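Trainee: Please see the structure below; I have some questions.
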Amino acid sequence: MTAALFLEQLLNGLQLGMTLFLMSAGLTLVFGVMGLINLAHGSLYMIGAFCCATITNMTGSFLLGLLAGFVGAAIAGLIIEVVVIRKLYDRDHLDQVLATFALILIISEGTSWIFGSSPLYLSIPSWLSGSIPLSFGEDSNSSYPIYRLVIIAIGLIIAYSLYLLITKTRLGMRIRAGESDREMIAALGVNIRVIYSLIFALGAALAGLAGSLVSTLYSVEVGMGEPVLILALVVIVIGGIGSVKGALVASILVGLVDTLGRVFLPNILALFIDNSQVATLSASLASVLVYILMAVILAIRPQGLFPANA
Amino acid sequence: MLNSTHQKGFKEKALNLIILGLIFVTALVTYWLDQGYYVNLVSRVVIFAIAGVGLNLALGYGGMVSLGHAAFFGIGGYIAGISAMHFSESTSFIAGLDSTNQMLTIWLFVIIICALLALFIGLISLRTSGVYFIMITLAFAQMVYYFAISWPDYGGEDGLLISSRNQFLGNDTDNELVFFLICFTVLLLTVFLSSRIIRSRFGTALQVARMNDVRLATVGIRPYPIKLTAFVISAVITGIAGALFADLNRFVSPDMLSWQMSGEIIIFILLGGVGRLSGPILGATLFVLLETFIGGYTEHWKLFLGLVLLIVVLYANGGLMKMVVGEKQHD
């Protein structure tokens, strides 16, 4: 186990964490401000990936594809908000879960109707496909792909922009006001419905961006959104539902625990127990590590790490 | 007013009997017409209904929106599948227990294991409420799901074939009608059990806990143990349904543990009517009808399921039961 391998896995964990943050930022804002639990957020991620793959393949430009993923998911989010989600703000959680579950069924089946069931593939554009060396003297031939570093950078930029948006702008002020008292802000003459639509579209756009960014790493297919959605749900629960800061911290935590656990848990377990069952046991254990983390954190702090409305 | 309330209550009871009667007659007639496929479909409805009746106890009456009941459904299925596998290979379980293919013994295992697991999950999950409860039950189910996927001894991702159905005493469970009758008896028992529970002192407390935790506490009953007990009973019933489902299909796979399955069990309840005795039975019937008839027409039948579900949630809250017999009674 060299330092370079450890650093490589650390960066992989960070990259997964940033992807999760892009997903969970919207999810947690929508819950914090509108009190809505949106299971169809993973579908917006999928829509983003499909838009990106289609446009990139059509135009040959990955940047245009990224833009298409961002904008496409925002538009889809806006339509969904106006047609369905808007009716759910005053409903109980059961109705929200079921209606958004229905949206998953509709969007997934609709997509596989349009695109067929075979996955789409994108390759990393040539100007991003290089890698930089991760040398520490011991083995100088290990390197890390630039593209994954770009994802980490984009995640950090988005996190900082969200921080600025929420704390420094008039829109952010209204969002925070809507979070603490939606009737009062409506009484002050702010059109709260427009703000709700904007937040939902913003969350959708970020999910779409996340889907577009990973479309070159994984295959683009129906059902790609749900595993990420569930991890994002774990993230916002750990972080404290409604808190963007909590989402950032928890995303990185979950990304690191999941990635490092899968790589190093077998080695660690093998130190204690030495038999053939260890390999299967550690693989099983590594895949549930983040859920164990969540259960432990919730058992200690039932409102998550950074409760938004505490 | 009182009179019409009684009439509605009577109407609902009559409807419950009519639905059960129709299911029974459909199975008999299709068997008599030698349509084994359709008898199995009716068994499928009945098994989904059992799972729904189980979840309804927690979700409909107790207000605990569990998005993790597939864990119990799947574990029930896996216990049936693993028993059948060991029995056909004449090997014993991990702990050196003799393997069996007797459903009654297997169900006993299902009851014990699902109860213990639900106790553990409930102990932690019920410390939270609302969205946190939904997500933590989902997370626990995902744990079980990923565990099953990465455990190669029992099929891993591919699932486990059951070479021959588990046996019920001396009866031939491969006969469609015999298998249906077993499922139907279990359904009757669970419907009876939950109607007794709902009418009991415990059930009343459970329903108050759904509406107002504090009010229940002020009359001297702690909501937490009440909810936990209901959660465990609910899990056990869903687990039995899972064991039957595995035997029906002669196959068990991680799909039974997936969160889509959890969602589908909620759908059975919602389509029929949340917190209504026959709700899950009607809902499961509608679900299987959609699956069979639209599914025979296009592979994208879930698109239509989604649309129906969306319309029911947005515009027809209360499901089929409300359309047929009206508002739920608060007795």
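The values are calculated or read from the model by the stated rules, or taken from the named source; none is laboratory data. Please read all numbers here as calculations on a predicted model, not as lab measurements. Glycine also receives a Cβ, built like all others from the backbone with ideal geometry; neighbour counts cover every protein chain displayed. For accessibility, only protein heavy atoms count, side chains too; no ligands or nucleic acids. Shrake-Rupley method; radii C 1.70, N 1.55, O 1.52, S 1.80 Å.
Trainee: Once amide H atoms are built 1.01 Å from N in the peptide plane, which residues 5 or more positions from A:Ser131, or in another chain, come under 5 Å H to H?
Mentor: Here the answer is A:Ile146, since their amide H atoms fall under 5 Å of that of A:Ser131.
Trainee: Be a star and scan segment A:14-58 for residues whose amide nitrogen sits under 15 Å from the point 7 Å along the Cα-to-Cβ vector of A:Val190.
Mentor: The answer is A:30, A:32-35.
Trainee: Something else about it: Show me, bin by bin at 10 Å from 0, the whole-percent P(r) of segment A:186-310 based on Cα pairs.
Mentor: 11, 29, 32, 18, 6, 2, 1
Trainee: Debye sum, Cα scatterers, segment A:1-59, no solvent: what log₁₀ I/I(0) at q = 0.24 1/Å?
Mentor: -0.93
Trainee: Kindly point out which whole DSSP H helices in chain A project their C-alpha atoms 18 angstrom or further along the helix axis while averaging a Kyte-Doolittle hydropathy of 1.0 or above.
Mentor: Those that pass (Cα extent of 18 Å or more, hydropathy at least 1.0) are A:3-34, A:62-83, A:93-115, A:146-168, A:192-214, A:225-239, A:244-272.
Trainee: Here's something else I'd like to know. Taking the Cα centre of the protein assembly as shown as origin, sum charge times position over the Cβ atoms of Lys and Arg (+1) and Asp and Glu (-1), and report the length of that vector in debye to the nearest 20.
Mentor: Computed charge dipole of the protein assembly as shown: roughly 2340 debye.
Trainee: With charges only on Cβ, +1 for K and R and -1 for D and E, what is the dipole size of chain B about its Cα centre, in debye, rounded to 20? Can you show the working numbers first?
Mentor: Details: 18 positive and 18 negative charges, 339 e Å.
Roughly 1620 debye, rounded to the nearest 20.
Trainee: Lysine pairs in the protein assembly as shown with Cα distance under 14 Å, only those 8 or more apart or on different chains: how many are there?
Mentor: Pairs that pass both the separation and distance tests number 6.
Trainee: Once amide H atoms are built 1.01 Å from N in the peptide plane, which residues 5 or more positions from B:Gln102, or in another chain, come under 5 Å H to H?
Mentor: Result for B:Gln102 returns B:Gln167.
Trainee: Classify segment A:224-287 as rounded, prolate or oblate from the Cα gyration tensor: take a ≥ b ≥ c as the square roots of its eigenvalues, call it rounded if a/c is under 1.5, otherwise prolate when a/b beats b/c and oblate if not. If you can, show how the numbers build up before the last one.
Mentor: On the way: a/c = 3.75, a/b = 2.34, b/c = 1.60.
Prolate, since a/c reaches 1.5 and a/b exceeds b/c.
Trainee: Could you report chain A's accessible area per residue, 1.4 Å probe, as an integer in Å²? Each step should come with its number before you reach the end.
Mentor: Values: 12900 Å² over 310 residues.
That works out to 42 Å² for each residue.
Trainee: For segment A:25-136, build the charge dipole from Cβ charges (+1 Lys, Arg; -1 Asp, Glu) around the Cα centre, then report which of A:Trp127, A:Leu103, A:Gly48 sits farthest towards its positive end.
Mentor: Result: A:Trp127.
Trainee: With +1 on each Lys and Arg Cβ and -1 on each Asp and Glu Cβ, how big is the dipole of segment B:135-276 about its Cα centre, in debye rounded to the nearest 20?
Mentor: 1120 debye
Trainee: Quick query: amide H of B:Phe251 versus all other amide H atoms, modeled in the peptide plane; which residues come in under 5 Å with a sequence gap of 5 or more or a different chain?
Mentor: Correct list: B:Ile162.
Trainee: While we're on this one: Roll a 1.4 Å probe over the protein chains and send me the accessible area per residue for segment B:102-220 in Å².
Mentor: 48 Å²
Trainee: Exactly which trypsin sites (Lys or Arg not before Pro) in segment B:231-331 are in a DSSP loop and have at most 10 other Cβ atoms within 10 Å?
Mentor: none
Trainee: Could I ask something else about it? Considering all projection directions equally, how large on average is the shadow of the alpha-carbon convex hull of segment A:73-125, in square nanometres?
Mentor: Projected area, direction-averaged: 5.2 nm².
Trainee: What are the extents of the Cα atoms of segment B:2-325 along their three principal axes, listed from largest to smallest and rounded to whole Å?
Mentor: If we take the Cα atoms of segment B:2-325, the spans are 60, 47, 38 Å.
Trainee: In Å, what is the Rg of the alpha-carbon atoms in segment B:179-234, and how long is Dmax?
Mentor: In order Rg, Dmax, the Cα atoms of segment B:179-234 give 14.1, 48 Å.
Trainee: In addition: ³J(HN,Hα) across segment A:218-223 via Karplus (A = 6.51, B = -1.76, C = 1.60, θ = phi - 60°), whole Hz, x for Gly/Pro?
Mentor: Karplus values, whole Hz, x for Gly and Pro: 10, 6, 8, 8, 5, x.
Trainee: Report the FRET efficiency, 1/(1 + (r/R0)^6), for B:Arg215 and B:Thr91, where r is their Cβ-Cβ distance and R0 is 60 Å, rounded to 0.05.
Mentor: 0.65
Trainee: Shape verdict for segment B:61-111, please, from the Cα gyration tensor: rounded (a/c under 1.5), prolate (a/b greater than b/c) or oblate. Can you show the working numbers first?
Mentor: Details: a/c = 3.18, a/b = 2.68, b/c = 1.19.
Here segment B:61-111 falls in the prolate category.
Trainee: Taking θ = phi - 60°, what integer Hz values does the Karplus form 6.51 cos²θ - 1.76 cosθ + 1.60 yield along segment B:291-304, in sequence order, with x for Gly and Pro?
Mentor: 4, 6, 8, 6, x, x, 8, 9, 6, 8, 5, 5, 4, 6
Trainee: How big is the C-alpha Rg of segment B:198-314 next to the rule-of-thumb value 2.2 N^0.38 Å, as a ratio?
Mentor: 1.30
Trainee: Using only Cα atoms, what Kirkwood radius does segment A:184-249 have, in angstroms?
Mentor: Final number for the Kirkwood radius of segment A:184-249 is 14.1 Å.
Trainee: What accessible area, summed over both chains, is buried at the A-B interface (1.4 Å probe, Å², nearest 100)?
Mentor: Interface area, both chains combined: 4100 Å², rounded to the nearest 100.
Trainee: So if I average 1/r over every pair of distinct C-alpha atoms in chain A and take the inverse, what Kirkwood radius in Å does that give?
Mentor: 20.4 Å
Trainee: Let me know the whole percent of all Cα-Cα pairs from the protein assembly as shown that are separated by more than 39 Å.
Mentor: Roughly 34 percent, once rounded to a whole number.
Trainee: Just want the answer: with Cβ charges of +1 for Lys and Arg and -1 for Asp and Glu, which residue in B:Pro223, B:Thr105, B:Ile266 is farthest toward the dipole's positive end in segment B:2-325?
Mentor: Checked the options; the winner is B:Pro223.
Trainee: Additional query: Work from the charge dipole of chain B (Cβ charges, +1 for Lys and Arg, -1 for Asp and Glu, about the Cα centre) and give the residue of B:Val236, B:Ala70, B:Val191 farthest towards its positive end.
Mentor: B:Val191
Trainee: Once neighbouring chains are kept in place and the probe is 1.4 Å, which whole percent of the accessible area of the protein assembly as shown is contributed by carbon and sulfur?
Mentor: With neighbouring chains kept in place, the figure for the protein assembly as shown is 66 percent.
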